[in-house]
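The values are calculated or read from the model by the stated rules, or taken from the named source; none is laboratory data. On a predicted model such as this, the values are computed, not experimentally measured, just so you know. Cβ sites come from the backbone with ideal geometry, for glycine too, and all protein chains shown count toward neighbours. In case anyone asks, the SASA skips ligands and DNA or RNA and just uses the protein heavy atoms, side chains included. Shrake-Rupley method; radii C 1.70, N 1.55, O 1.52, S 1.80 Å.
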Amino acid sequence: MDFSQFAPLPVIDCHIHLRHAERAGDLERITEEVGLTAANLLAMPYAPIINQNASLIDYKAGHPNHAYISGALDHVQLLADRERAPQRLAGQIQRLKAIGFDGIKLVESKPTNRLEMNFPLDGPLYAPMWEALEAAGLPALWHVADPEEFWDFDACPDWAHEHGWFYGDAYPLKEALYAEVENVLTRHPNLRIILAHFYFLSADLPRAAGFLDRHPGAYFDLAPGIEMYQNFARNIDAAREFFLTYSDRILHGTDIGAGSSNSDPTLGIDHDDAHGRTWLIRHFLESAEPFSSPEELGHGLGMDVDGLRGIALPADALARIYAGNFHTLYGQQPATLNCDAALEELDRQAAFIDARAGAPIDSPARRVARRLRS
Ligand SMILES: [Zn+2]
């Protein structure tokens, strides 16, 4: 795909998944091809290896000036000791900061995860964690809810059904998840939160505006769901007006790597999908020409969509969305990796995984620790 048509501005992607340290080469290539100045890499919780923090530590060690990293919480540790869990979660924030994580990633309010964990985010389990996060000044990129059609059997798209993302009676309602966020942000006005995927409010821009007005520490990223761009196209003038008004509260983010496998490192980051996502967002922001969803789009965007429209923002708004707002939240430079603190955490994870298996395991934490020591 051709990226040379776009504005020659620094571009930071705040929402990229690197699930395996072994796939660093994929990310280096994509970064170069789509022209990223820097990237914010996100770790997800994944019980067999605790979480993907090790791969981010590894990437930052090799790319100290271009990799911001957002760690996942350790729910395996948390669930093992419910009594001490609230304080332990808070302790994890301090530990992530000491290692050199630039922020945290929360996927705990995606309906599937929220159902599995079944602890309200505004409840006692997380209360000390929010306090610690606010005190540490680390931003969180937080996935809350999903598109509203996922709660409606008939409206839920086939590809979402295939992912198990139709939310029947057992699941929390979208409004219940939003209510948890309201409580957290009201209690902690100094938290800085990026709500992923435009907080799934693209169909209701007045509500999105009200939310941002109420919570000055809240931001949105632009990672598709393609439905977001369909919603914008339905009233493109209102969308443009919104982006102009809130250009200091919106961040470029693509969800590159979303479709990569948690369990299988031999499956890389989908290169075409990464191009498609980046092109979609940049074309939407920079051009007024109608367009269709690029055929390169893969995971979670599995439908062809015509009739999309762009908002052709002026350069100053683009500069804020591409990089300025990111720097406001995460600083001008990535935090420095503290190797000793990183090794301590990697050794702890590796020891836990060994103990659980009753045998030494060549876990990602152990492999990354070995590389850092060599
Ligand atoms: Zn994501």
Problem - segment 128-188, accessible surface, carbon-and-sulfur percent (1.4 angstrom probe) - result: 52
Exercise for the section: Grab the other residues whose beta carbon is less than 13 angstrom from that of Met228, score K and R as +1, D and E as -1, and report the net. Expected result: -4
Fill in the blank from the handout: Rounded to the nearest whole number, the per residue volume of the convex hull around the C-alpha atoms of segment 310-374 in Å³ is 163
Fill in the blank from the handout: Gly62 neighbourhood, Cβ < 12 Å, K/R = +1, D/E = -1, net charge 0
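Per residue, how much accessible surface does the chain expose to a 1.4 Å probe? Answer in Å², no decimals.
Result: 40 Å² of accessible area for each residue.
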Handout entry: Relative contact order of the chain, pairs being alpha-carbon contacts under 8 Å that are 6 or more residues apart, as %
Key = 20
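Can you tally the net charge around Ala238? Count Lys and Arg as +1, Asp and Glu as -1, for every other residue whose Cβ sits under 14 Å from the Cβ of Ala238.
On the way: positive: Arg207, Arg234, Arg240, Arg309; negative: Asp204, Asp237, Glu241.
It works out to a net charge of +1.
For segment 76-117, compute the orientation-averaged projected area of the C-alpha convex hull (one quarter of its surface), in nm².
Averaging across all directions leaves 3.4 nm² for the Cα convex hull.
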Completion exercise
Hydrodynamic radius by Kirkwood for segment 225-374, inverse mean 1/r across distinct Cα pairs, in Å, is 18.6
Handout entry: Under the Karplus curve 6.51 cos²θ - 1.76 cosθ + 1.60, θ = phi - 60°, whole-Hz ³J(HN,Hα) for segment 62-70, x wherever Gly or Pro sits
Key = x, 9, x, 9, 10, 10, 8, 10, 10
Completion exercise
Relative contact order of segment 251-374 (C-alpha contacts under 8 Å, at least 6 apart) in percent is 19
Problem - Long-range amide H partners of Val144 with built H, under 5 Å - result: Ala196
Problem - Between helix 364-373 and the chain: long-axis angle, C-alpha atoms, 0 to 90°, nearest 10 - result: 80
Problem - Kirkwood-based shape ratio for segment 48-198, expressed as Rg/Rh from alpha carbons - result: 0.98
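Return the Rg/Rh value of the chain, two decimal places, where both radii are evaluated on C-alpha atoms and Rh is the Kirkwood radius.
0.94
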Problem - Within the chain, percent of DSSP bridges classed antiparallel, to nearest 5 - result: 10
Handout entry: Whole-number percent relative contact order across segment 123-270, with pairs defined as alpha carbons under 8 Å at least 6 apart
Key = 20
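Quick check: with the 1.4 Å probe, what order do Arg19, Arg207, Arg192, Arg309 take by accessible area, largest first?
Correct descending sequence by accessible area is Arg309, Arg207, Arg192, Arg19.
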Exercise for the section: Taking just the C-alpha trace of segment 103-146, give me its Rg and Dmax in Å. Expected result: 10.7, 29
